[in-house]
1. Out of all DSSP beta bridges with both ends in the chain, state the antiparallel percent to the nearest 5.
2. Share of antiparallel DSSP beta bridges in the range 55-138, in percent to the nearest 5?
3. Residues of the range 124-166 with amide nitrogen under 12 Å from the 7 Å Cα-to-Cβ point of residue 100?
4. Would you kindly state how much longer the chain becomes between residue 170 and residue 9 on full extension, computed as 0.36 nm times their sequence separation minus their alpha carbon distance, in nm to one decimal?
5. Between residue 107 and residue 58, with labels modelled 7 Å along Cα→Cβ, what's the label distance in nm to one decimal, could you check?
6. For the chain, count all C-alpha to C-alpha pairs, find those more than 29 Å apart, and express that count as a whole percent of the total.
């Protein structure tokens, strides 16, 4: 998907010095590139039985919701602590500078549901690893994890071993 890379804007030193931020808003605003991205992500899971797309806030929602629609399955949001109104289950995970907590509605996914986890970017893998733990705690089966972008040098796949992983664009 090298041709989609041209729609990703690079922002040096954001959000802090030394970070090269991959800005997807330039891909999102281009209707042809956005459609191609969603169609390609959908193609990557063709033939898999999926009940729900589970996506991480906030940019993961963009791709997750569009993909759920395209696949004709339900969409389940995973949010930061305190953002969901009904009873939740939680997982706390380590960040490079502390910890964070993610939550999902307790009744969002039934046991044995087949889920596809979606996020915009795979970096170190910590966030999606936490989503995998949440999903396993409910008893669902993870049939795949997909990303628009993968930052290969950060080795995020190492935290997601044992799961089928697909990324559309690699850096």
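1. Working: 14 of 36 bridges.
So the antiparallel bridges in the chain amount to around 40 percent.
2. Values: 10 of 13 bridges.
So the antiparallel bridges in the range 55-138 amount to around 75 percent.
3. From the range 124-166, the list is 124-131.
4. Values: separation 161, 0.36 × 161 = 57.96 nm, distance 1.41 nm.
Extending this stretch completely gives an extra 56.6 nm.
5. 2.9
6. Working: 2387 of 14535 pairs.
Percent of Cα pairs beyond 29 Å in the chain: 16.
No lab work stands behind these numbers, since they all come straight from the coordinates. The shown structure was predicted, so the numbers you read here are calculated from the model rather than taken from an experiment. So basically every Cβ, Gly included, is an ideal-geometry build from the backbone, and we count neighbours across all protein chains shown.
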